[in-house]
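To start, the structure under review is shown below, and the notes come after it.
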Amino acid sequence: MLNADQLAVFPIDQWIQEGVQWMAMHMRPLFLLIKWPVERLLTFNDSAIHAAPFPVLVVIAFLICWRLASLSVAVFSAVVFVAIAVLGVWNEAMTTLSLIMTAIFFCALIGIPIGIWSARSERVWLVVRPVLDIMQTTPTFVYLVPVVMLFGVGNVPGEVAVVTAAMPPLIRFTHLGIRMVEHEIVEAGLAFGADKRQLLWEVQFPLAIPTILGGLNQTVLTAMVMSVVVAMIGAEGLGLVVLQGLGRLDVGRAAVGGIAIVLLAMMLDRFTQKLARTRPRDQQTFRAVIWRLFRGEPKRQGSAGVGPTTQADAREAL
């Protein structure tokens, strides 16, 4: 009878191995070019966070969360920072936080334009969609193999793995947010003389902001999970604390690292969820959305009659 093992006649594993080795040898300048900005930004963030005193960081986190989210999120963030310090893993947590901040920046820098491009071009989406399917179904540990062969080990290769694994949700949500803008609103914008650039930045993108921020929330959580996994390739932070605890059979040490990871993830989740909620109807342009990040949440006058921004509001405004 035909045996399944008899079909394994193609040395696929050898082909993949030789392909990765060829890329590592002949495309090294490209990988160094990719590595350079990641290393510079990660080093800057890590140095800045570790240089700031503990009370200053607590106050900064409180003010940022209060300004961009809410008072309850700000209080929760301050409590989380104090709890992490009490656990004795403050430096490791700040290293993980710098990894997450750097990953969010590069995910937004790369993922949002790709999401917008795929939303405006069906051909691009036909290419991007299967790539995202593969990236999101690939186990996180699999990312470590090519990263180690192409970039080596350490914090920077770990950051590259975090960005690669965390980017797909933001691309999908950006694509979804742009596509979900009702056709009538787009037609109204065109009828008022808007060109493609104005239509994107003044109509489609502002209405897609809640969906995009929802994707950012998923990206942050994925980056948080991946920042723990990359401890296996030499990345520092809370993941290394857990890995060291498991390697030494020190359950207490591993538990402390796990608790700190959970607290930090909860803080980031609350913050990004609060950002993702819909905004008052006076926030209808891209410039207004960016300006809100600096002036904070507008005060609501009364509890009745002031609802969230919807596409119906935008249609009425147009």
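Using a 7 Å offset from Cα along Cα-Cβ at PHE105, what residues in segment 32-54 end up with backbone N under 12 Å from the label point?
The answer is 37-49, whose backbone nitrogens lie closer than 12 Å to the label point.
Give me the extension gain from VAL225 to ARG120: residue separation times 0.36 nm, minus the current Cα-Cα distance, reported in nm with one decimal.
34.7 nm
On a 1.4 Å probe surface of the protein chains, which of VAL220, VAL256, VAL153 comes out largest in accessible area, and what is the full order? All intermediate terms of the calculation are to be shown ahead of the outcome.
Working: VAL220 0, VAL256 35, VAL153 105 Å².
The most accessible residue leads, giving VAL153, VAL256, VAL220.
In Å, the Kirkwood hydrodynamic radius of segment 24-281 over pairs of distinct alpha carbons?
Averaging 1/r across every pair of different Cα atoms and inverting gives 19.7 Å.
Determine ³J(HN,Hα), in whole Hz, for all residues of segment 66-83 in sequence, where each value follows from phi through the Karplus function 6.51 cos²θ - 1.76 cosθ + 1.60 and θ = phi - 60°; x replaces Gly and Pro.
5, 6, 9, 10, 7, 5, 5, 5, 5, 5, 4, 5, 5, 5, 4, 4, 5, 5
Multiply the residue gap between VAL86 and TRP36 by 0.36 nm, knock off their C-alpha separation, and tell me the result in nm, one decimal place.
Numbers: separation 50, 0.36 × 50 = 18.00 nm, distance 3.53 nm.
Extra length available between VAL86 and TRP36 comes to 14.5 nm.
In nm, what is the difference between 0.36 nm times the number of residues separating ARG129 and GLN21 and their Cα-Cα distance?
36.1 nm
The values are calculated or read from the model by the stated rules, or taken from the named source; none is laboratory data. Note that the structure is a prediction, hence the values are computed from the model and not measured. Note that each Cβ is placed from the backbone with ideal geometry, even for glycine, and that neighbours are counted across all protein chains shown. With ligands, DNA and RNA removed, areas are computed over all heavy atoms of the protein, side chains included. Shrake-Rupley method; radii C 1.70, N 1.55, O 1.52, S 1.80 Å.
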